[in-house]
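Worksheet: one structure, shown below.
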Amino acid sequence: MKCLLLMVFLVVFLFSPPVCHSFLTVPPLDEIVPHCKAFIKAPDMPIDEFDTPRPEDLVWQYMICSQPAVLAELNAHEKSVLASLAGEAESLKQEMPPEFVQQMENFYGYYNTKWEQVYKTTYTDREINEFDAKIRMLWQEMVQALSEGDIEKAASCFFEESRDAYRALFNHLPSEERKKMAGDMAAAIIELEEISGDTAQYILVRERNGKRYLFDLTFMRNMDGEWKILSY
């Protein structure tokens, strides 16, 4: 009975298509890879504390471990062992509801997309220039909206997790102070420091009375691939 309830929970909670990608937590790749290596070493053993039936257990593990981002971390022998399980995994899929299998494929495919984004720490000069241009346009859009008193548009330029805080800040400021803030931002220089994975780090440079003041400015790419302001 306990195993049945656990299976129902996993199906409903883990394998239902996410309603909002922003609320879907992707497990770190460096936690998944050791998990897959253990599975490949002993594929007939139950995984972790979940003594699930053989079809679901092997299919789940095969599908997640065969994602490109995971395969890139496996050695030749491990890839060979995993490949030898392909036939059994595909056969077992036929015993499962097609819609359930499709959900699993979508779920793990989404994981792989995010792993490849987050764990790609180096980019070509062309990619960096493209990201930098988009980020600077986003910053200008936010500053322009703030100067015009369009708080909702300005807030939409922020990452979801920090949006409410900045919206509250802008609403709290008197109109003249918002315009002054926007003017200071427009006059400031933003200098790119680093773009790594889904995070872009800049320095906001302001000059006052002949002195330079430096502030951290961080952008983050959301689940839809859009750059947003995380903090400044």
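Summary table
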quantity: Residue tally, condition of a type in the set (A, V, I, L, M, F, W, C), closer than 21 Å to residue 37 by Cβ, part of a helix (DSSP H, G or I) and out of contact with any Ser or Thr (no Cβ under 8 Å at 6 or more places or on another chain), over the range 66-103; calculated: 7
quantity: Residue that is more than 28 Å from residue 113 (Cβ to Cβ), of a type in the set (A, V, I, L, M, F, W, C) and in contact with a helix residue (DSSP H, G or I) (Cβ under 8 Å, 6 or more places away or on another chain), where the choices are 145, 168, 187; calculated: 145
quantity: Hey, residue 47 under 26 Å from the mean Cα position of the chain (by Cα), hydrophobic (A, V, I, L, M, F, W, C) and at pLDDT below 80 or not; calculated: yes
quantity: Among (1) at pLDDT 50 or above; (2) surrounded by fewer than 14 Cβ atoms within 10 Å (Cβ to Cβ); (3) within 30 Å of residue 161 (Cα to Cα), the one test that residue 18 misses; calculated: (1)
quantity: One residue from 180, 228 being under 13 Å from residue 139 (Cβ atoms) and among the charged types (D, E, K, R); calculated: 228
quantity: Residue within the range 210-225 that is touching a helix residue (DSSP H, G or I) at 6+ places or on another chain (Cβ under 9 Å), exposed (fewer than 13 other Cβ atoms within 10 Å of the Cβ) and outside any helix (DSSP H, G or I) present; calculated: yes
quantity: Residue tally, condition among the acidic types (Asp, Glu) and under 30 Å from residue 69 (Cβ atoms), over the range 158-215; calculated: 5
quantity: Qualifying residue in the range 177-196 (condition: surrounded by 12 or more Cβ atoms within 10 Å (Cβ to Cβ), in a strand (DSSP E or B), touching a Leu at 6+ places or on another chain (Cβ under 9 Å) and among the polar types (S, T, N, Q)); calculated: no
quantity: Qualifying residue in the range 141-160 (condition: under 21 Å from the mean Cα position of the chain (by Cα), at pLDDT below 95 and in a helix (DSSP H, G or I)); calculated: yes
quantity: Extreme residue, nearest to residue 108 (Cα to Cα), among residues of the range 21-38 that are modelled with pLDDT of 85 or more and surrounded by 12 or more Cβ atoms within 10 Å (Cβ to Cβ); calculated: 32
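The values are calculated or read from the model by the stated rules, or taken from the named source; none is laboratory data. Note that the structure is predicted; figures quoted are calculated from it, not measured. Backbone-built Cβ (ideal geometry, glycine too); neighbour counts: all protein chains shown.
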